[in-house]
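*Asks:* Quick one: structure below, then a few questions.
The values are calculated or read from the model by the stated rules, or taken from the named source; none is laboratory data. Predicted, not measured: the structure shown is a model, and the values here were computed from it. Neighbour counts are summed over all protein chains in view; Cβ atoms, including those assigned to glycine, are modelled from backbone coordinates with ideal geometry.
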Amino acid sequence: MIENSDLIALFTTLKMASITTIILMIIGTPLAWYLAKMKSRFKIIIEAVVALPIVLPPTVLGFYLLIAFSPEHLPGKLWQDITGQQLAFSFSAIVIGSVFYSLPFVVQPIQKAFEQLGDDILEAGAVLGANAFDRFFTIVLPITKASFITAASLGFAHTVGEFGIVLMIGGNISGETKVLSIALFEHVEAFNYAKAHMLAISLLIGSFIILALVYLLNYSPQKIAKMSVKSSNKNRDINKA
Amino acid sequence: MNELSFTFNTLFDGFELSVNQTIPTQGITGVFGHSGSGKSTLLRCIAGLEKRTLGEVTLNGTNLYNSRSRYFIKPEKRQIGLVFQDARLFPHLNVIENIEYGRNRSKHKTLFTDDVIKLTQLEALKYKSVTLLSGGEKQRVAIARALLAEPKLLLLDEPLSALDNTSKQFMLTMLLNIQQQLKLPMLYVSHSMAELQQISDNLLVMNKGQVTHFGNVHNIIHTLNNCQSITQQTSLSLPIHENLPKYGLSSLTLAPNTYIYFPLLTSSTKSETAYNNIRCFIAASDISISRHEALESSIVNHFQAEITHIQPQDNTVLITLNCHEHTFYSSISLWSAERLSLHVNDLIYIQFKASAVHSLADIGML
Amino acid sequence: MTRRTHSHFVYITRALYCILAFIFMSLSISSYASNSDKTTLRVAIAANFSPIAKQLIPEFTKESGINVEVISGASGALFQQIKHGAPYDMFLSADAIRPKALKDNYLIVENSLATYAIGKLAFWSATHVINNTHSLPEVINRFPRLAMPNPDIAPYGYSAKQVLVNFGLWTEFKKKLITGINVNQTFQQIRSKAVQGGFVALSQLKLNKLSGLEIPQQYYSPIKQQLVILKRSSNQSAAHQFAAFLYRKKTQQKIASFGYTAIMPTTDNKPCCEMTTKTVLN
């Protein structure tokens, strides 16, 4: 059976991944839009910066975040002044770390979808009287819906699997920064292989179920019906004015 | 003040748009030009889709854009509709949702959805997914959508170029109907003179980013005849006289007791608008000249005319004639012109077959 | 690009490729070459001891002619690698558990398991001045949070927990702990000033010339750091030589100066028994 501390680690992990995903969707969408529509050469630089967490070893990112979050340095100090709490080794710290770490996994799918959409259909919306916000919510969003689901599930899954950064900046505090991946590592280090297996298998099953649900949502029954209608229509003669 | 005035001076990739024009916003103004002449760009600038232009646009007294004072009204606020060449329907909405998109965002809603659907004959397709429509159906939806937004001016950018012949005929008739019923001013861009001849009241001609001609459509076509930039033709708007179904012919009144015969009009090709007047054109190369009247010829159309102008062009000669107060153009070989030793003020006879008289009926075939 | 500049460009890139290929080849050849020269001993060493080992090795090499390659890492990680076939000759762990586990898995040379150093615990702060004039309870109570290695998986952490238990401070502080996976991470955390103080290895303080509070040995059981020679090693005699070198009195004195307790050497350069200590336990 799963012991209590592992359950706590599970809830902490889910909490961290959910909050991180929400934050990323909120800041990632305008960023993806900006990158998709931008035409200057700075675009390449910003894209490279966004993609950095993919190639950067998590320990490098974690190392610099550890330094930045300590109350001696500006970000950590600012946080302490504003909130009265220390940033290093807090739940907020691992959320911020996860936001950096999973950023490209959320931004890139959305950016690709926005790019694929192009400008043509938005111009059509504009000449019909829709302003920028209107066009985004009534044209862009409904058409690129699938990419948002992909981005959210990728961001969530990636954050759940995070280890290196949480290890560096987490401090392993139960209920706050001890996440499943750390708990698993601890069991292995302490030779508790049975517990480690238990945890690993539950993680696997859980991830699988979530991903399956997400993809099920993405391919709604209407879409499946449409796809089969389309292929039967190909044979029909529809050449009438 | 019902007019649209615009000035643009901008460099785009490949060409420079340099125009300064005022056109009345009544009826349909055609815009003719070959590809690369800047006509689509002009429409986009008027609609507000090109931000980096230098110039200004004023519609019916309201200033929409002035680059000097950095005054720019966004396209969504200009109440100018634009029907694109590629329809650009919203794939996630069905037909009726697409059509009502503009209406939901317009200030006044005097037009009813059902009326527009009837005008564009889309009743049967109301709830269909737009991705399953044919090219012609898509354009109809695009036009219906643009109409329902009740713009003050409707721009159409080569709306029929992607369609097949039967669709073109149908759509032109429909557009003429719409214009008559809704009194909506339109700016219609095309590279097909045949389409423009049928639909425009005034014609704007563009070449290499500049306006070269503007005026009444028949006059401009005749002016262009002399420049050889289009198929030389005689462009006429004449009242219908009678229909002769037995012979597959209809006739138009050229002058009292003088009629031009041409292929029979069917109800689908006769627009309900121009009840009495039909527009037609005859290619200059289809009109031949004779010193004598051919009374016993199979060619049904022969009339006396006076030569007003002779213009040699390479190995042909363009002859401008006055026939019952209408201007006709005939293009004959240099050799024939010399043989007949034609001079200005000569009275001769012109002849052309009924099938040489083109109207909306055979617009698709051209 | 004009034709001329294009051909220059092509020429330059080709030259670069050639240079790169040459460098690569010479590097690979030289690495082969160095291997065939003398015997090289591959020793996996716990991260907290490897800086000290690196200082001792030159003398050993001068004396014996044997090269030593140090693979430094967390004891846990090194243990797993060895268990799954890593090509090391010796393993110097930071604890006694992992060498024993290797022994239980029949992976070591018989009788090669022995203590090579005894770790000492210290308390350190990067933000406040702490030294041996202070007493531990007084010092600890200044800090809202403490850092220490995870007592469940790190030997220094286990000992640190013993200390807190012995001072009756465990129940109070166990909610305010930042635990690291090993003593090195704890040291990093304190050094970053993200947490104000905690338990580290005395050797870390000595190595970095820092001052802290050395915790009296009676409050925790000695942290035995043990080594093993691996059965699969093909350099076993060289490994024995290195082990003997480590047990030597002179070497142990040096090790002690780095913040460890020396083991009691014997005359035949074999380890005997560790220094007895008075221990007050749990």
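*Asks:* Among the listed residues A:77, A:43, A:39, identify the single one that is basic (Lys, Arg), within 13 Å of chain C (Cβ to nearest Cβ) and either out of contact with any Phe, Trp or Tyr (no Cβ under 7 Å at 6 or more places or on another chain) or without any contact (Cβ under 8 Å) to a residue 60 or more places away in the chain (or both). Give the derivation first.
*Replies:* Values: A:43 fails: within 13 Å of chain C (Cβ to nearest Cβ); A:39 fails: within 13 Å of chain C (Cβ to nearest Cβ).
Sole residue among the options that is basic (Lys, Arg), within 13 Å of chain C (Cβ to nearest Cβ) and either out of contact with any Phe, Trp or Tyr (no Cβ under 7 Å at 6 or more places or on another chain) or without any contact (Cβ under 8 Å) to a residue 60 or more places away in the chain (or both): A:77.
*Asks:* Then there is this: What are the residues in the range A:59-74 that are more than 10 Å from every other protein chain (Cβ to nearest Cβ) and surrounded by fewer than 16 Cβ atoms within 10 Å (Cβ to Cβ), if any?
*Replies:* Once the filter is applied, which keeps residues that are more than 10 Å from every other protein chain (Cβ to nearest Cβ) and surrounded by fewer than 16 Cβ atoms within 10 Å (Cβ to Cβ), the range A:59-74 yields A:59, A:60, A:64, A:74.
*Asks:* A follow-up question, please. So which of B:158, B:150 ends up being on the phi > 0 side of the Ramachandran plot and facing chain A (nearest Cβ under 10 Å)? Steps first, answer last, please.
*Replies:* Details: B:158 fails: facing chain A (nearest Cβ under 10 Å).
Unique residue meeting the criteria: B:150.
*Asks:* Run down B:168, B:138 and say which single residue is under 30 Å from residue B:331 (Cβ atoms), of a type in the set (Lys, Arg) and surrounded by 20 or more Cβ atoms within 10 Å (Cβ to Cβ).
*Replies:* On the way: B:138 fails: under 30 Å from residue B:331 (Cβ atoms).
Sole residue among the options that is under 30 Å from residue B:331 (Cβ atoms), of a type in the set (Lys, Arg) and surrounded by 20 or more Cβ atoms within 10 Å (Cβ to Cβ): B:168.
*Asks:* In addition: Within the range A:110-133, take every residue that is farther than 18 Å from residue B:82 by Cα and of a type outside the set (Gly, Ala, Ser) and give me the one that is farthest from the other protein chains (Cβ to nearest Cβ).
*Replies:* A:111
*Asks:* If a residue has to be modelled with pLDDT under 90 and part of a loop (DSSP other than H, G, I, E, B) to count, how many in the range B:326-366 make the cut?
*Replies:* Residues flagged as modelled with pLDDT under 90 and part of a loop (DSSP other than H, G, I, E, B) within the range B:326-366 amount to 2.
*Asks:* Could I ask something else about it? Within the range B:289-304, which residues are of a type in the set (Val, Ile, Thr) and either part of a loop (DSSP other than H, G, I, E, B) or outside the structural domain of residue B:334 (by TED's automatic domain parsing) (or both)? Break it down stepwise before answering.
*Replies:* Just the residues of the range B:289-304 that are of a type in the set (Val, Ile, Thr), to begin with: B:289, B:299-300.
Matches in the range B:289-304: B:299, B:300.
*Asks:* Scan C:4, C:42 and give me the residue that is modelled with pLDDT of 70 or more and surrounded by fewer than 10 Cβ atoms within 10 Å (Cβ to Cβ). Break it down stepwise before answering.
*Replies:* Values: C:42 fails: surrounded by fewer than 10 Cβ atoms within 10 Å (Cβ to Cβ).
Step by step, each of C:4, C:42 is checked, and only C:4 is modelled with pLDDT of 70 or more and surrounded by fewer than 10 Cβ atoms within 10 Å (Cβ to Cβ).
*Asks:* Restricted to the range B:33-59, and to residues that are more than 14 Å from chain A (Cβ to nearest Cβ) and part of a helix (DSSP H, G or I), which residue is nearest to residue A:127 (Cα to Cα)?
*Replies:* Here the answer is B:42.
*Asks:* For residues that are of a type in the set (Lys, Arg) and part of a helix (DSSP H, G or I), tally how many sit in the range A:32-79. Please lay out each step first, then the result.
*Replies:* Start the filter on the range A:32-79 by keeping residues that are of a type in the set (Lys, Arg), which leaves A:37, A:39, A:41, A:43, A:77.
Then keep just the ones that are part of a helix (DSSP H, G or I); that gives A:37, A:43, A:77.
Qualifying residue count for the region: 3.
*Asks:* Return the residue satisfying two criteria in turn: it lies in the range B:97-132 and is surrounded by fewer than 17 Cβ atoms within 10 Å (Cβ to Cβ) and of a type in the set (Val, Ile, Thr), and of such residues it is nearest to residue B:41 (Cα to Cα).
*Replies:* Applying the filter and picking the extreme gives B:131.
*Asks:* So, of the residues in the range C:137-167 that are in contact with a Phe, Trp or Tyr (Cβ under 8 Å, 6 or more places away or on another chain) and under 16 Å from residue C:126 (Cβ atoms), which turns out to be farthest from the other protein chains (Cβ to nearest Cβ)?
*Replies:* The selected residue is C:139.
*Asks:* Further, regarding this structure: From the residues in the range B:84-116 that are more than 9 Å from every other protein chain (Cβ to nearest Cβ) and under 26 Å from the mean Cα position of the chain (by Cα), which one is modelled with the highest pLDDT?
*Replies:* Per the criteria, the residue is B:99.
*Asks:* If you don't mind, another one. Mind listing whichever residues of the range C:177-221 are more than 9 Å from chain A (Cβ to nearest Cβ) and of a type in the set (Lys, Arg)?
*Replies:* C:191, C:206, C:209
*Asks:* Regarding residue B:68, is this residue assigned to a loop (DSSP other than H, G, I, E, B), within 14 Å of chain A (Cβ to nearest Cβ) and either in contact with a Lys or Arg (Cβ under 8 Å, 6 or more places away or on another chain) or without any contact (Cβ under 8 Å) to a residue 60 or more places away in the chain (or both)?
*Replies:* Details: assigned to a loop (DSSP other than H, G, I, E, B): yes; within 14 Å of chain A (Cβ to nearest Cβ): no; either in contact with a Lys or Arg (Cβ under 8 Å, 6 or more places away or on another chain) or without any contact (Cβ under 8 Å) to a residue 60 or more places away in the chain (or both): yes.
Spelling it out, it is not the case that residue B:68 is assigned to a loop (DSSP other than H, G, I, E, B), within 14 Å of chain A (Cβ to nearest Cβ) and either in contact with a Lys or Arg (Cβ under 8 Å, 6 or more places away or on another chain) or without any contact (Cβ under 8 Å) to a residue 60 or more places away in the chain (or both).
*Asks:* Out of C:248, C:232, report the one residue that is surrounded by fewer than 16 Cβ atoms within 10 Å (Cβ to Cβ) and in contact with a strand residue (DSSP E or B) (Cβ under 9 Å, 6 or more places away or on another chain). Steps first, answer last, please.
*Replies:* Details: C:232 fails: in contact with a strand residue (DSSP E or B) (Cβ under 9 Å, 6 or more places away or on another chain).
On inspection, the qualifying residue turns out to be C:248.
*Asks:* Still on this structure: Confirm whether residue B:221 is under 26 Å from residue B:28 (Cβ atoms) and either buried (at least 17 other Cβ atoms within 10 Å of the Cβ) or not polar (S, T, N, Q) (or both).
*Replies:* Judged against the criteria, residue B:221 is a match.
*Asks:* Pairs only if they're at least six apart or on different chains, beta carbon under 9 angstrom, first in the range B:232-259 and part of a helix (DSSP H, G or I), second modelled with pLDDT under 90; list them, first residue then second.
*Replies:* Here the result reads B:245/B:264; B:247/B:264, each pair linking the range B:232-259 to a residue that is modelled with pLDDT under 90.
*Asks:* With the condition kept exactly as written, say whether any residue in the range B:32-51 is basic (Lys, Arg) and farther than 26 Å from residue A:140 by Cβ. Full working, then the answer.
*Replies:* From the range B:32-51, those basic (Lys, Arg) are B:39, B:44, B:51; that's our starting set.
Retained after the next criterion (residues that are farther than 26 Å from residue A:140 by Cβ): B:39.
Yes, some residue in the range B:32-51 is basic (Lys, Arg) and farther than 26 Å from residue A:140 by Cβ.
*Asks:* Moving to a separate point now. For residue B:173, are the conditions met, namely being more than 14 Å from chain A (Cβ to nearest Cβ) and hydroxyl-bearing (Ser, Thr, Tyr)? Walk me through how you get there before you give the answer.
*Replies:* Details: more than 14 Å from chain A (Cβ to nearest Cβ): no; hydroxyl-bearing (Ser, Thr, Tyr): yes.
So residue B:173 fails the test.
*Asks:* Further question on the same structure: If you go through the range A:186-195, how many residues are part of a helix (DSSP H, G or I) and under 18 Å from residue C:101 (Cα atoms)? Before the answer, list the steps.
*Replies:* First pass over the range A:186-195, keeping only residues part of a helix (DSSP H, G or I): A:186-189, A:193-195.
Remaining after also requiring under 18 Å from residue C:101 (Cα atoms): A:186-189, A:193-194.
Number satisfying all stated conditions: 6.
*Asks:* Right, here's the next one. More than 26 Å from residue B:161 (Cβ to Cβ), aliphatic (A, V, I, L, M) and either modelled with pLDDT under 90 or touching a helix residue (DSSP H, G or I) at 6+ places or on another chain (Cβ under 8 Å) (or both): does that describe residue B:4? Walk me through how you get there before you give the answer.
*Replies:* Working: more than 26 Å from residue B:161 (Cβ to Cβ): no; aliphatic (A, V, I, L, M): yes; either modelled with pLDDT under 90 or touching a helix residue (DSSP H, G or I) at 6+ places or on another chain (Cβ under 8 Å) (or both): yes.
No, not satisfied.
*Asks:* Given the options A:174, A:181, A:202, name the one that is within 14 Å of chain C (Cβ to nearest Cβ) and part of a helix (DSSP H, G or I). Steps first, please.
*Replies:* Working: A:174 fails: part of a helix (DSSP H, G or I); A:202 fails: within 14 Å of chain C (Cβ to nearest Cβ).
One residue alone meets the criteria, A:181.
*Asks:* Go through (1) assigned to a loop (DSSP other than H, G, I, E, B); (2) touching a Gly at 6+ places or on another chain (Cβ under 9 Å); (3) not β-branched (Val, Ile, Thr) and name the single condition residue B:187 misses.
*Replies:* It fails just one condition, (1).
*Asks:* Among the listed residues C:47, C:74, C:53, which satisfies the condition of being under 17 Å from the mean Cα position of the chain (by Cα) and more than 27 Å from residue A:182 (Cβ to Cβ)? Walk me through how you get there before you give the answer.
*Replies:* Details: C:47 fails: more than 27 Å from residue A:182 (Cβ to Cβ); C:74 fails: more than 27 Å from residue A:182 (Cβ to Cβ).
Just a single option satisfies the conditions, and that option is C:53.
*Asks:* Could you list all residues from the range C:7-39 that are at pLDDT 80 or above and charged (D, E, K, R)?
*Replies:* Within the range C:7-39, C:14 is the sole residue that qualifies.
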